[in-house]
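Data block below; observations after.
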Amino acid sequence: MDELTAQRLERLNHLQGTDPGFFVLAAHSFIEASLRERYSMEDLQCSFATLLSQFLEEITSEATEYLKEVPALKQLKFSHIQANEVRHRFRFSSVEEARAATFHLLHFCRLAKLGTEKQLEQLSAYLKAWESTDSYAQLLDEHTRLKELADRLLTSNKQLEQTVLEYQDLREQMRTAYHELGEKERQLRELDAAQEKSQEKIDELRGQTFALKCAVREKQQQLAAQKEVGSYVEALRSFVVCTRTRRQYESQVIRLTAEQRSVLEKLSFEKDSIIRGGAGSGKTLVLMKAYQNCLSQYPQRRCLLVTYTRTLVKYNQYLSNLLSDCQTDHTIMTVDALLLSLLQHFEPASELDGELLKNLLTPFATESIPLWLLEQEIEQFIFRHSISEEEYLESKVVRQGLKRRLGKQQRKAIYAIKQEVLQQMKTLGRYSFTSVAVRLLEHLERERESSLMFDNLFVDEVQDLGRAALSVLKKLTCKSMMLSCDAQQRLYLKGLPLSQSGIVIGRQSYRLLTNHRNTIPIEQLDQRYCGQRTLPSAFRDGPPPNLIPCKSRKHVLDELVRQLTFYCTVLSYELENICILTPSKQDFPAILQQVKQSGMEINEMLCPSFSFTEEQGIRLSTIHSAKGVEFPLVLLCLTRQPSNLSGYEKVEQDEILKNLVHVGITRSSEQLVVLVNTQDLHPAYERLMHCFVSEQEP
């Protein structure tokens with residue numbers, strides 16, 4: 001490291017603890033100076049944003065692995081606007097903004113290979129306060145100011161986002177006119193200094209200069225008249241930088257909280273155990289840490305981590321990279337993928353067929369036992385829970401959540417049909433999703449090869465797994481199973497007790513209470529919606545969630561693009577930090593078309609080739625497939641209810657739909673926008689709208 005860089009870093013260290021605004025300005029000045037020297041760029045017309053883009057392009061093009069510092073550095077362009085306000089307007093900065101600047105500075109130094117570890121450790125002093133959940137007075141004050149401004153503006157203007165966009169456009173017009181004015185004045189000075197002067201040209205330029213001065217003055221007056229809008233934009237920008245950077249910092253600190261560490265230390269690799277906790281409590285993180293601990297403590301053991309959806313498999317792999325954990329691409333998989341691979345061990349040509357069951361059941365459908373009832377009863381109940389003939393006909397096991405009551409003769413007929421279609425599946429070598437586990441249980445009863453066995457199995461999101469799948473997993477486990485569960489995120493029929501799958505939990509049940517994902521306003525909204533009266537467990541503050549009632553699906557699409565434009569243009573959100581969630585894939589074509597037509601890139605998370613580390617653009621997913629995943633900005637589009645609830649009892653429908661909305665709300669770590677189609681308003685969505693209204697009431 002050269003002496004000049006060492007001196008600069010020493011100067012920055014001396015500035016810590018002084019005026020936060022001066023430190024923010026100095027940090028950005030250090031970064032800009034380093035970039036100008038790196039690229040020999042003396043031209044001051046070359047902007048900070050251009051230099052930073054060049055640096056990021058250089059770093060990412062040379063990288064051979066995921067760089068966890070890049071997302072934070074992308075925020076530098078955004079926060080540089082506030083640093084300039086210190087220089088141009090002598091603006092005050094908060095301590096939180098100084099900490100955010102420190103976080104950006106440290107990441108830049110590490111990527112640019114500037115400074116010694118000792119110097120960077122001294123710089124990181126500002127960040128230490130973030131490791132406490134008690135240091136939020138600054139953010140709380142900022143949130144109060146932001147909400148007061150928003151409330152005042154909303155009183156006089158219901159289209160706040162549109163007003164802000166118009167304000168931004170007005171600022172851009174003034175900036176353009178100001179630059180044009182500077183250019184005309186320069187040309188006028190050159191003409192005045194020239195030996196051969198053209199009076200006609202001088203008069204023309206003076207006329208243009210006068211017109212531009214009038215335009216600039218007019219824009220300044222218009223901006224002055226919208227001073228409160230400007231204050232709102234400034235406050236929102238400042239607040240978002242602080243909360244987003246804090247979240248990035250917390251994500252990248254490779255440590256568990258005291259609560260999570262306490263649970264981890266109690267887990268046994270010799271007994272079955274379960275980790276319970278609400279959204280954002282870190283169940284998956286603790287499960288992954290336990291999985292890694294097991295691999296390191298018992299390298300000879302065969303272990304596997306499985307979860308419910310492909311999206312969560314990809315996200316867990318992404319999380320491992322983000323936390324600098326070992327690569328685990330081949331040891332994290334979905335339960336369905338594991339079961340199919342095991343079945344193919346016994347039946348190499350076997351495959352999944354999502355349409356097969358419907359086709360096989362069609363000839364058996366009657367007026368008294370329609371096709372939809374056969375599909376639901378056999379796939380979602382008998383196959384899913386591996387219900388025996390004795391349980392179904394004699395014990396009459398409770399079909400919890402299913403709408404239609406069935407008499408003994410109907411049950412007898414349905415079970416006979418189930419036996420027939422299962423035999424046809426065996427003959428064809430093609431199976432429905434839940435029948436795979438049933439067929440595997442038959443194979444495992446006859447033979448259980450050691451090559452198929454695992455010492456320890458780690459199962460995420462266990463609340464949506466049926467008895468058949470859990471029984472297979474238990475039969476494959478020699479030592480113990482470790483499960484994570486959140487009953488509030490159950491999106492399918494209630495399962496049967498774990499003990500019926502051979503899983504014995506006993507006292508090995510542990511609960512995580514603290515919400516590390518959601519901000520306080522988002523958690524408070526969720527608690528009102530779920531009817532909880534417990535104290536909030538979130539500790540990060542943030543902007544209030546936003547409700548947008550829409551008169552039709554088309555109105556939802558128009559507002560969706562308007563919101564995306566606002567957050568990308570005004571608040572500079574990176575597209576990959578934005579997720580659009582819907583209850584059904586039926587909304588996908590219209591959303592994809594509308595967003596792409598607006599000029600923004602968008603990708604489906606359900607696409608098999610999708611990758612969290614490689615794909616750019618806005619993320620689009622069903623709520624079902626977003627469980628366990630989080631994004632800084634979530635736009636929750638409640639346009640219709642899922643189509644798979646029609647055969648459920650009303651109480652069960654309401655419970656699952658409530659859980660679905662709960663999952664959608666709690667995917668956001670920072671900003672939440674809810675768009676509701678009031679033309680097709682389900683009671684569950686209407687209830688959510690009332691929760692927004694009750695929050696605004698004194």
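The values are calculated or read from the model by the stated rules, or taken from the named source; none is laboratory data. Since this is a predicted model, take the numbers as computed values, not measurements. In this analysis, Cβ positions are derived from the backbone assuming ideal geometry, glycine residues included, and neighbour counts consider all displayed protein chains.
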Aromatic (F, W, Y) and either at pLDDT below 60 or assigned to a helix (DSSP H, G or I) (or both) - does that describe any residue in the range 193-214?
-> yes
Taking the range 365-392 and keeping only residues that are over 18 Å from V438 (Cβ atoms) and not in a loop (DSSP other than H, G, I, E, B), one is left with L371, W372, L373
Index of the failed condition, R562 passing every other in (1) at pLDDT 90 or above; (2) of a type outside the set (S, T, Y); (3) within 15 Å of V674 (Cβ to Cβ) | (1)
At least 3 residues that are crowded, with 22+ Cβ neighbours inside 10 Å and at pLDDT below 60 in each: list the helices (runs of 4 or more DSSP H) lying fully within the range 218-320 that qualify.
-> 227-252
Mind checking which residues of the range 409-448 are over 24 Å from L357 (Cβ atoms) and either β-branched (V, I, T) or in contact (Cβ under 8 Å) with a residue 24 or more places away in the chain (or both)?
-> R448
Selected residue [surrounded by 12 or more Cβ atoms within 10 Å (Cβ to Cβ), farther than 30 Å from I332 by Cβ, modelled with pLDDT of 95 or more and outside the structural domain of S480 (by TED's automatic domain parsing)] from Q410, Q400, Q424 = Q424
Does P589 meet the test of being without any contact (Cβ under 8 Å) to a residue 24 or more places away in the chain and assigned by TED's automatic domain parsing to the domain that holds V676?
-> yes
Quick one: in the range 11-43, which of the residues that are at pLDDT 80 or above and more than 36 Å from the chain's Cα centre (by Cα) is surrounded by the most Cβ atoms within 10 Å (Cβ to Cβ)?
-> E37
Please work out if F381 is touching a strand residue (DSSP E or B) at 6+ places or on another chain (Cβ under 7 Å) and outside the structural domain of K314 (by TED's automatic domain parsing).
-> yes
Here are E69, E85, E65, E57: which of them is among the charged types (D, E, K, R), modelled with pLDDT of 80 or more and assigned by TED's automatic domain parsing to the domain that holds F103?
-> E57
Restrict the check to the range 581-593 and report whether at least one residue is under 17 Å from the mean Cα position of the chain (by Cα), at pLDDT below 90 and part of a loop (DSSP other than H, G, I, E, B).
-> no
In the range 480-534, which residue that is surrounded by 19 or more Cβ atoms within 10 Å (Cβ to Cβ), at pLDDT 90 or above and more than 27 Å from the chain's Cα centre (by Cα) is farthest from G664 (Cα to Cα)?
-> S480
Count of the range 594-610 residues which are at pLDDT 90 or above and aliphatic (A, V, I, L, M) = 3
Some residue of the range 611-619 being in a loop (DSSP other than H, G, I, E, B), over 12 Å from N577 (Cβ atoms), modelled with pLDDT of 85 or more and in contact with a helix residue (DSSP H, G or I) (Cβ under 8 Å, 6 or more places away or on another chain) | no
